[in-house]
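Here's the structure we're looking at; comments come further down.
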Amino acid sequence: MGRVQDKVAIVTGGSAGIGRACAITLAGEGASVAVTDVQDPEGDAVVAEINTAGGKAIYLHHDVTSEAEWQTVLEQILQEYKHLDILVNNAGIAISSPITQLSLEDFQRQNAVNLDGVFLGLKHCIPAMTESGGGSIINMSSVAGLKASPNLSAYSMTKGGVRLLSKSVARECIQANTNIRVNSVHPGIIQTAIWDKMGLIPGANTVDVDAIAKSTVPGGKLGFPEDIANGVLFLASDESSYMTGMELVIDHGFSA
Ligand SMILES: NC(=O)c1ccc[n+]([C@@H]2O[C@H](COP(=O)([O-])OP(=O)(O)OC[C@H]3O[C@@H](n4cnc5c(N)ncnc54)[C@H](O)[C@@H]3O)[C@@H](O)[C@H]2O)c1
(Lines give C-alpha, C1' and ligand atoms only; values in the text may rest on other atoms or scores of the structure.)
Protein backbone atom coordinates (compact mmCIF):
# COMPACT_ATOMS: atom_id res chain seq x y z
CA MET A 1 0.00 0.00 0.00
CA GLY A 2 1.37 3.38 -0.98
CA ARG A 3 1.03 6.43 1.26
CA VAL A 4 -1.46 8.02 -1.18
CA GLN A 5 -2.81 4.77 -2.61
CA ASP A 6 -5.69 5.17 -5.10
CA LYS A 7 -5.94 8.93 -4.58
CA VAL A 8 -6.21 11.16 -7.65
CA ALA A 9 -3.86 14.13 -7.83
CA ILE A 10 -3.33 17.09 -10.10
CA VAL A 11 0.12 18.69 -10.14
CA THR A 12 0.33 21.99 -12.01
CA GLY A 13 3.68 22.93 -13.51
CA GLY A 14 4.46 19.20 -13.36
CA SER A 15 6.75 19.09 -16.41
CA ALA A 16 9.89 20.24 -14.60
CA GLY A 17 11.62 20.93 -11.31
CA ILE A 18 9.63 20.65 -8.10
CA GLY A 19 6.34 19.80 -9.86
CA ARG A 20 7.98 16.93 -11.76
CA ALA A 21 9.39 15.54 -8.49
CA CYS A 22 5.97 15.87 -6.81
CA ALA A 23 4.26 13.99 -9.66
CA ILE A 24 6.83 11.16 -9.61
CA THR A 25 6.76 10.89 -5.79
CA LEU A 26 2.95 10.86 -5.53
CA ALA A 27 2.66 8.29 -8.35
CA GLY A 28 5.33 6.17 -6.66
CA GLU A 29 3.13 6.07 -3.55
CA GLY A 30 0.04 4.88 -5.41
CA ALA A 31 -1.71 8.04 -6.64
CA SER A 32 -3.03 8.51 -10.17
CA VAL A 33 -1.51 11.80 -11.26
CA ALA A 34 -2.61 14.38 -13.81
CA VAL A 35 0.57 16.24 -14.74
CA THR A 36 -0.34 19.63 -16.19
CA ASP A 37 1.89 22.33 -17.69
CA VAL A 38 2.52 24.51 -20.72
CA GLN A 39 5.72 22.60 -21.58
CA ASP A 40 4.10 19.68 -23.42
CA PRO A 41 7.04 17.47 -24.57
CA GLU A 42 8.59 17.65 -21.08
CA GLY A 43 5.22 16.80 -19.49
CA ASP A 44 4.79 13.81 -21.82
CA ALA A 45 8.26 12.63 -20.76
CA VAL A 46 7.35 12.82 -17.03
CA VAL A 47 4.18 10.79 -17.68
CA ALA A 48 6.12 8.21 -19.73
CA GLU A 49 8.63 7.89 -16.87
CA ILE A 50 5.82 7.32 -14.33
CA ASN A 51 3.95 4.81 -16.50
CA THR A 52 7.15 2.91 -17.35
CA ALA A 53 7.84 2.56 -13.62
CA GLY A 54 4.37 0.99 -13.17
CA GLY A 55 2.56 4.12 -11.97
CA LYS A 56 -0.50 5.87 -13.36
CA ALA A 57 -0.36 9.33 -14.95
CA ILE A 58 -1.76 11.43 -17.77
CA TYR A 59 -0.46 14.69 -19.21
CA LEU A 60 -2.78 17.63 -19.92
CA HIS A 61 -1.84 20.96 -21.49
CA HIS A 62 -2.81 23.63 -18.99
CA ASP A 63 -1.98 27.30 -18.61
CA VAL A 64 -2.92 28.00 -14.98
CA THR A 65 -3.77 31.63 -15.79
CA SER A 66 -6.70 30.51 -17.97
CA GLU A 67 -10.02 29.87 -16.23
CA ALA A 68 -11.33 28.04 -19.32
CA GLU A 69 -8.33 25.67 -19.27
CA TRP A 70 -8.85 24.93 -15.56
CA GLN A 71 -12.44 23.92 -16.38
CA THR A 72 -11.39 21.71 -19.32
CA VAL A 73 -8.57 20.06 -17.37
CA LEU A 74 -10.88 19.30 -14.45
CA GLU A 75 -13.48 17.77 -16.78
CA GLN A 76 -10.80 15.57 -18.35
CA ILE A 77 -9.53 14.40 -14.94
CA LEU A 78 -13.01 13.59 -13.65
CA GLN A 79 -13.79 11.73 -16.89
CA GLU A 80 -10.59 9.68 -16.58
CA TYR A 81 -10.43 9.07 -12.82
CA LYS A 82 -13.97 9.94 -11.52
CA HIS A 83 -12.75 11.81 -8.43
CA LEU A 84 -10.14 14.31 -7.23
CA ASP A 85 -8.34 14.09 -3.88
CA ILE A 86 -5.09 16.08 -4.13
CA LEU A 87 -4.31 19.42 -5.75
CA VAL A 88 -0.71 20.64 -5.90
CA ASN A 89 -0.84 24.26 -7.05
CA ASN A 90 2.84 24.33 -7.99
CA ALA A 91 3.20 26.21 -11.30
CA GLY A 92 5.15 29.41 -10.82
CA ILE A 93 7.54 31.88 -12.34
CA ALA A 94 9.99 34.29 -10.73
CA ILE A 95 10.85 37.70 -12.14
CA SER A 96 13.76 39.52 -10.55
CA SER A 97 14.00 43.29 -10.94
CA PRO A 98 14.39 46.45 -8.88
CA ILE A 99 10.87 47.82 -8.34
CA THR A 100 11.63 51.02 -10.26
CA GLN A 101 12.61 49.03 -13.35
CA LEU A 102 9.81 46.47 -13.23
CA SER A 103 7.29 46.93 -16.06
CA LEU A 104 3.60 46.83 -15.25
CA GLU A 105 3.34 43.98 -17.78
CA ASP A 106 5.91 41.87 -15.88
CA PHE A 107 4.31 42.73 -12.52
CA GLN A 108 0.95 41.53 -13.85
CA ARG A 109 2.47 38.41 -15.48
CA GLN A 110 4.14 37.54 -12.16
CA ASN A 111 0.82 37.88 -10.39
CA ALA A 112 -1.17 36.04 -13.07
CA VAL A 113 0.83 32.81 -12.88
CA ASN A 114 1.62 32.69 -9.16
CA LEU A 115 -1.56 34.07 -7.66
CA ASP A 116 -4.38 33.99 -10.25
CA GLY A 117 -3.30 30.43 -11.00
CA VAL A 118 -3.62 29.37 -7.36
CA PHE A 119 -6.92 31.22 -6.98
CA LEU A 120 -8.40 29.48 -10.04
CA GLY A 121 -7.19 26.10 -8.84
CA LEU A 122 -8.86 26.60 -5.46
CA LYS A 123 -12.05 27.95 -6.97
CA HIS A 124 -12.55 25.11 -9.43
CA CYS A 125 -11.09 22.13 -7.58
CA ILE A 126 -12.76 22.64 -4.20
CA PRO A 127 -16.25 21.73 -5.52
CA ALA A 128 -14.87 18.60 -7.24
CA MET A 129 -12.96 17.58 -4.11
CA THR A 130 -16.00 18.21 -1.92
CA GLU A 131 -17.99 15.87 -4.22
CA SER A 132 -15.19 13.32 -3.76
CA GLY A 133 -15.59 13.44 0.04
CA GLY A 134 -12.68 15.77 0.77
CA GLY A 135 -8.98 16.04 0.03
CA SER A 136 -5.73 17.91 0.46
CA ILE A 137 -4.60 21.07 -1.30
CA ILE A 138 -0.95 22.07 -1.28
CA ASN A 139 -0.09 25.54 -2.53
CA MET A 140 3.54 26.19 -3.45
CA SER A 141 4.72 29.35 -1.74
CA SER A 142 8.39 30.07 -0.94
CA VAL A 143 10.70 31.34 1.77
CA ALA A 144 10.22 34.54 -0.25
CA GLY A 145 6.66 34.51 1.10
CA LEU A 146 8.06 34.70 4.65
CA LYS A 147 11.17 36.84 4.33
CA ALA A 148 11.99 39.79 2.07
CA SER A 149 14.78 39.93 -0.52
CA PRO A 150 15.77 42.92 -2.63
CA ASN A 151 14.81 42.75 -6.34
CA LEU A 152 12.16 40.09 -5.74
CA SER A 153 9.32 42.30 -4.55
CA ALA A 154 6.66 41.15 -7.02
CA TYR A 155 7.57 37.48 -6.55
CA SER A 156 7.54 37.88 -2.75
CA MET A 157 4.19 39.62 -2.93
CA THR A 158 2.68 36.65 -4.77
CA LYS A 159 4.21 34.12 -2.39
CA GLY A 160 3.07 36.05 0.70
CA GLY A 161 -0.34 36.14 -0.96
CA VAL A 162 -0.31 32.36 -1.48
CA ARG A 163 0.42 31.91 2.24
CA LEU A 164 -2.54 33.97 3.48
CA LEU A 165 -4.85 32.77 0.69
CA SER A 166 -4.11 29.20 1.82
CA LYS A 167 -4.84 29.97 5.46
CA SER A 168 -8.10 31.79 4.68
CA VAL A 169 -9.36 29.05 2.39
CA ALA A 170 -8.34 26.40 4.93
CA ARG A 171 -10.63 28.08 7.48
CA GLU A 172 -13.41 28.39 4.88
CA CYS A 173 -13.15 24.69 4.06
CA ILE A 174 -13.49 23.77 7.73
CA GLN A 175 -16.45 26.12 8.13
CA ALA A 176 -18.15 24.64 5.06
CA ASN A 177 -17.55 21.07 6.31
CA THR A 178 -15.78 20.03 3.11
CA ASN A 179 -13.18 17.72 4.70
CA ILE A 180 -10.59 19.56 2.58
CA ARG A 181 -7.26 20.62 4.09
CA VAL A 182 -5.24 23.49 2.64
CA ASN A 183 -1.56 24.10 3.46
CA SER A 184 1.30 26.00 1.88
CA VAL A 185 4.84 24.75 1.26
CA HIS A 186 7.81 27.11 1.47
CA PRO A 187 10.91 25.84 -0.32
CA GLY A 188 14.29 27.47 0.24
CA ILE A 189 17.04 27.42 -2.40
CA ILE A 190 16.22 24.45 -4.63
CA GLN A 191 18.12 23.43 -7.75
CA THR A 192 15.68 23.92 -10.64
CA ALA A 193 15.55 25.86 -13.91
CA ILE A 194 13.54 28.68 -12.30
CA TRP A 195 16.81 30.39 -11.33
CA ASP A 196 18.01 30.56 -14.95
CA LYS A 197 14.75 32.15 -16.11
CA MET A 198 14.36 34.88 -13.49
CA GLY A 199 16.77 37.50 -14.85
CA LEU A 200 18.80 37.49 -11.63
CA ILE A 201 22.02 38.19 -13.52
CA PRO A 202 21.14 40.29 -16.58
CA GLY A 203 22.23 38.58 -19.79
CA ALA A 204 23.30 35.33 -18.09
CA ASN A 205 21.81 32.06 -19.35
CA THR A 206 22.62 30.10 -16.24
CA VAL A 207 22.81 30.97 -12.59
CA ASP A 208 25.09 29.18 -10.14
CA VAL A 209 22.43 28.08 -7.64
CA ASP A 210 24.99 26.11 -5.70
CA ALA A 211 27.01 29.30 -5.11
CA ILE A 212 23.83 31.12 -4.01
CA ALA A 213 23.08 28.32 -1.54
CA LYS A 214 26.66 28.35 -0.26
CA SER A 215 26.46 32.06 0.51
CA THR A 216 22.91 32.24 1.89
CA VAL A 217 21.79 28.91 3.40
CA PRO A 218 23.03 27.88 6.87
CA GLY A 219 25.63 25.19 6.24
CA GLY A 220 25.69 26.24 2.57
CA LYS A 221 23.40 23.37 1.64
CA LEU A 222 21.52 23.40 -1.68
CA GLY A 223 18.08 21.74 -1.79
CA PHE A 224 16.72 19.41 -4.47
CA PRO A 225 13.20 18.97 -5.88
CA GLU A 226 12.83 15.65 -4.04
CA ASP A 227 13.30 17.45 -0.69
CA ILE A 228 10.15 19.44 -1.46
CA ALA A 229 8.26 16.51 -2.96
CA ASN A 230 8.71 14.57 0.29
CA GLY A 231 7.00 17.39 2.21
CA VAL A 232 4.22 17.57 -0.38
CA LEU A 233 3.71 13.81 -0.07
CA PHE A 234 3.27 14.14 3.70
CA LEU A 235 0.70 16.93 3.28
CA ALA A 236 -1.11 15.02 0.53
CA SER A 237 -1.35 11.85 2.62
CA ASP A 238 -3.65 11.12 5.53
CA GLU A 239 -0.56 11.22 7.81
CA SER A 240 -1.13 14.99 8.01
CA SER A 241 -4.88 14.75 8.64
CA TYR A 242 -4.74 17.14 11.64
CA MET A 243 -2.78 19.75 9.70
CA THR A 244 -4.52 22.55 7.82
CA GLY A 245 -4.00 26.29 7.38
CA MET A 246 -0.28 25.85 8.08
CA GLU A 247 2.98 26.46 6.31
CA LEU A 248 5.56 23.73 5.84
CA VAL A 249 8.96 25.40 5.51
CA ILE A 250 11.64 23.26 3.83
CA ASP A 251 14.72 25.48 3.69
CA HIS A 252 17.56 24.04 5.83
CA GLY A 253 17.24 26.89 8.29
CA PHE A 254 17.33 29.72 5.69
CA SER A 255 14.40 31.55 7.28
CA ALA A 256 15.07 30.46 10.85
N1 LIG B 1 13.44 26.44 -7.11
C2 LIG B 1 13.38 27.14 -5.99
O3 LIG B 1 14.41 27.46 -5.39
C4 LIG B 1 12.04 27.53 -5.42
C5 LIG B 1 12.04 28.13 -4.16
C6 LIG B 1 10.82 28.50 -3.60
C7 LIG B 1 9.64 28.29 -4.29
N8 LIG B 1 9.68 27.73 -5.53
C9 LIG B 1 8.40 27.54 -6.22
O10 LIG B 1 8.25 26.21 -6.64
C11 LIG B 1 7.37 26.15 -7.77
C12 LIG B 1 8.01 25.31 -8.86
O13 LIG B 1 9.17 25.99 -9.33
P14 LIG B 1 10.48 25.26 -9.87
O15 LIG B 1 11.60 25.77 -9.08
O16 LIG B 1 10.25 23.80 -9.98
O17 LIG B 1 10.59 25.95 -11.31
P18 LIG B 1 10.64 25.35 -12.80
O19 LIG B 1 10.78 26.54 -13.68
O20 LIG B 1 11.66 24.27 -12.87
O21 LIG B 1 9.21 24.70 -12.98
C22 LIG B 1 8.04 25.47 -13.05
C23 LIG B 1 7.06 24.79 -13.98
O24 LIG B 1 5.90 25.62 -14.04
C25 LIG B 1 5.49 25.70 -15.39
N26 LIG B 1 4.72 26.91 -15.65
C27 LIG B 1 5.15 28.20 -15.74
N28 LIG B 1 4.14 29.00 -16.07
C29 LIG B 1 3.03 28.22 -16.19
C30 LIG B 1 1.67 28.47 -16.50
N31 LIG B 1 1.24 29.70 -16.80
N32 LIG B 1 0.81 27.43 -16.51
C33 LIG B 1 1.23 26.17 -16.23
N34 LIG B 1 2.51 25.87 -15.95
C35 LIG B 1 3.39 26.89 -15.91
C36 LIG B 1 6.80 25.70 -16.18
O37 LIG B 1 6.57 25.35 -17.54
C38 LIG B 1 7.63 24.68 -15.42
O39 LIG B 1 7.45 23.37 -15.91
C40 LIG B 1 7.10 27.60 -8.16
O41 LIG B 1 5.85 28.00 -7.66
C42 LIG B 1 8.24 28.35 -7.48
O43 LIG B 1 7.90 29.69 -7.24
C44 LIG B 1 10.86 27.34 -6.12
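Here the Debye sum runs over all C-alpha atoms of the chain as equal scatterers in vacuum, and log10 of I(q)/I(0) at q = 0.12, 0.14, 0.15, 0.16 Å⁻¹ comes out as -0.65, -0.90, -1.04, -1.19.
Here the label points at Ala204 and Lys123, each 7 Å from Cα along the C-beta direction, are separated by 3.8 nm in the simple model.
Phi-derived couplings, Karplus 6.51 cos²θ - 1.76 cosθ + 1.60 at θ = phi - 60°, listed residue by residue for the stretch 65-72: 7, 9, 5, 4, 5, 4, 5, 5 Hz, with x used for Gly and Pro.
Counting Lys +1, Arg +1, Asp -1, Glu -1, what net charge surrounds Ala45 among other residues with beta carbon under 12 Å of its beta carbon? Don't jump to the answer; show the numbers that get you there.
Values: positive: Arg20; negative: Asp37, Asp40, Glu42, Asp44, Glu49.
With Lys, Arg at +1 and Asp, Glu at -1, the neighbours total -4.
Between the listed residues Val209, Ile174, Ala229, the Cα displaced farthest toward the positive end of the dipole of the stretch 146-246, a dipole computed from Cβ unit charges relative to the Cα centre, is found at Ile174. Give the angle, between 0 and 90 degrees and rounded to the nearest 10, that separates the Cα long axis of helix 153-175 from the longest principal axis of the Cα atoms of the chain. Helix 153-175 and the main axis of the chain meet at about 30 degrees. In this structure the amide hydrogen of Leu248, modeled in the peptide plane, comes within under 5 Å of the amide hydrogens of Ser184, Val185, His186, none closer than 5 places in sequence on its chain.
Taking each residue as 0.36 nm, the span from His83 to Leu102 lengthens on full extension beyond its C-alpha to C-alpha distance by 2.7 nm. Accessible area per residue was computed with a 1.4 Å probe on protein heavy atoms; Arg20 scores about 80 Å².
Restricting attention to the chain, lysine pairs at least eight places apart or on different chains and with alpha-carbon atoms under 23 angstrom apart total 17.
In this calculation the C-beta distance from Ala45 to Ala148 is compared with R0 = 25 Å, giving a FRET efficiency of 0.10.
Working out 0.36 nm times the residue gap between Ala211 and Arg109, then minus their Cα-Cα distance, what length gain in nm do you get to one decimal?
Working: separation 102, 0.36 × 102 = 36.72 nm, distance 2.82 nm.
Length gained between Ala211 and Arg109: 33.9 nm.
With every protein chain left in place, what is the accessible area of Asp196 in Å² (1.4 Å probe, nearest 10)? Answer for Asp196: close to 60 Å² accessible.
Amide H contacts of Ile10: Ala34, Ile86, Leu87, Val88, each under 5 Å away and 5 or more positions distant or on a separate chain (H built 1.01 Å from N in the peptide plane; Pro and chain starts excluded). Charge tally for Val232 (other residues, Cβ to Cβ under 15 Å; Lys, Arg +1; Asp, Glu -1): -4. Residues whose amide H falls under 5 Å from that of Gln191, counting only those 5 or more places apart or on a different chain, are Gly223, Phe224, with hydrogens built in the peptide plane.
Size of the stretch 108-188 from its Cα atoms: along the principal axes, largest to smallest, the extents are 43, 21, 18 Å.
The values are calculated or read from the model by the stated rules, or taken from the named source; none is laboratory data. This is a predicted model, so every value here is computed, not measured. So basically every Cβ, Gly included, is an ideal-geometry build from the backbone, and we count neighbours across all protein chains shown. The area values use the complete protein model at the heavy-atom level, side chains included, leaving out ligands, DNA and RNA. Shrake-Rupley method; radii C 1.70, N 1.55, O 1.52, S 1.80 Å.
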